[in-house]
């Protein structure tokens, strides 16, 4: 799996740090602890500034009618567009419009310092991707969700920011089940687990959005703990589990309709193989044989989310993060599984219809 972690040729270091344990790519700095965003920036090599530079043409190429190419010197400003550029290396990171506001790494990371508001929070990883055009940081909140007697779910905040104009600043609340590092992006009721902050927003708006997320995170934490504990007490048979996995993994209405009508012979081999892999994870993975997960609806939810976290192959770590955290296929299938599990916990197997 490619890592896409930025390598700074000026410093001879990769832009990544983690606390205590090496990441799978084995790159970057390992530290004992990190309690301040300023430390995280320094450890990850993200202490650089980004500026907007005007775009210019370099010249015009024409022909004289006899097949001879003529290069005419000249320079013209490209109106309304700018290049974002690192000051330390001079690398161009992207092209943006005139309304785009650069949010420096230190300012993006300071969100966490500001919104912690006395709560226990520790920075665990940070890094830069590509040429440094995209940066990320994860911080762990000390409070935990407990399912059953001792099935722990740690709570993280994940921030990503881009300097190439490709997206907003995104801060997401992300519960991660400790026993398998399974990301459980629960969407409880009408609460959202992420906020997106435009690069045209003022510092005051950005800070208000960050505080909004912390308020939502606190509510999501309480409600999620209650939901997961309810699910851990609701039994589901192997056959019902497979049916739920089929419905959760259905890529569209056509496939879902075939499942609901029990027209299984019309399902593609590719889809059936995918369902088999998820079902095998549910039945054979050690963390799926615990009191909270074996034969329970909570286990059914972990079967789908755990497949994307621990089994499925991704080309890059960035691809995996996008898929799981920011609206990709893993996130969509996880949301579908959450809704199905919630319905099953309330209505039982009648959610599958009469067939």
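The values are calculated or read from the model by the stated rules, or taken from the named source; none is laboratory data. The structure displayed is predicted, hence computed values, not measured ones. Quick reminder, even Gly has a Cβ in these numbers, built from the backbone with ideal geometry, and neighbours come from all protein chains shown.
Annotations
- When each of 281, 301 is tested for being surrounded by 13 or more Cβ atoms within 10 Å (Cβ to Cβ), touching a helix residue (DSSP H, G or I) at 6+ places or on another chain (Cβ under 9 Å) and without any contact (Cβ under 8 Å) to a residue 60 or more places away in the chain, the lone residue that passes is 281.
- Some residue of segment 236-252 being in a helix (DSSP H, G or I) and in contact with a strand residue (DSSP E or B) (Cβ under 8 Å, 6 or more places away or on another chain): no
- Flag for residue 263 being within 19 Å of residue 350 (Cα to Cα), surrounded by fewer than 17 Cβ atoms within 10 Å (Cβ to Cβ) and without any contact (Cβ under 8 Å) to a residue 12 or more places away in the chain: yes
For every residue, the table says whether it meets (1) under 30 Å from residue 4 (Cα atoms); (2) at pLDDT 90 or above.
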| residue | (1), (2) |
| --- | --- |
| 232 | no, yes |
| 245 | no, yes |
| 248 | no, yes |
| 261 | no, no |
| 265 | no, yes |
| 284 | no, yes |
| 297 | no, yes |
| 300 | no, yes |
| 305 | yes, yes |
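- Residue satisfying all of: in segment 125-141; in contact (Cβ under 8 Å) with a residue 40 or more places away in the chain and surrounded by fewer than 21 Cβ atoms within 10 Å (Cβ to Cβ); nearest to residue 179 (Cα to Cα) among these: 141
- Every pair of residues 6+ apart whose Cβ atoms lie under 6 Å, when the first sits in segment 1-25 and is surrounded by 15 or more Cβ atoms within 10 Å (Cβ to Cβ) while the second is at pLDDT below 85 and outside any loop (DSSP other than H, G, I, E, B): 3/317; 4/316; 4/318
- Top-ranked residue in segment 1-31 [being in contact with a helix residue (DSSP H, G or I) (Cβ under 9 Å, 6 or more places away or on another chain) and in a loop (DSSP other than H, G, I, E, B); ranked as modelled with the lowest pLDDT]: 1
- The residues listed here are 337, 321; of these, the one that is touching a residue at least 40 places away in the same chain (Cβ under 8 Å), in contact with a helix residue (DSSP H, G or I) (Cβ under 6 Å, 6 or more places away or on another chain) and not in a loop (DSSP other than H, G, I, E, B) is 337.
- In segment 142-171, the residues that are assigned to a loop (DSSP other than H, G, I, E, B), more than 30 Å from residue 53 (Cβ to Cβ) and in contact (Cβ under 8 Å) with a residue 24 or more places away in the chain: 148, 149
- From the list 75, 85, the lone residue that is assigned to a loop (DSSP other than H, G, I, E, B) and either modelled with pLDDT of 70 or more or on the phi > 0 side of the Ramachandran plot (or both) is 75.
- Number of the condition not met by residue 257 [criteria: (1) within 30 Å of residue 197 (Cα to Cα); (2) out of contact with any helix residue (DSSP H, G or I) (no Cβ under 8 Å at 6 or more places or on another chain)]: (1)
- The lone exception for residue 300 - which of (1) closer than 13 Å to residue 236 by Cβ; (2) part of a loop (DSSP other than H, G, I, E, B) it fails: (2)
- Total residues in segment 309-330, condition farther than 21 Å from residue 127 by Cβ and buried (at least 21 other Cβ atoms within 10 Å of the Cβ): 0
- From 238, 164, 151, residue being more than 17 Å from residue 300 (Cα to Cα) and at pLDDT 90 or above: 164
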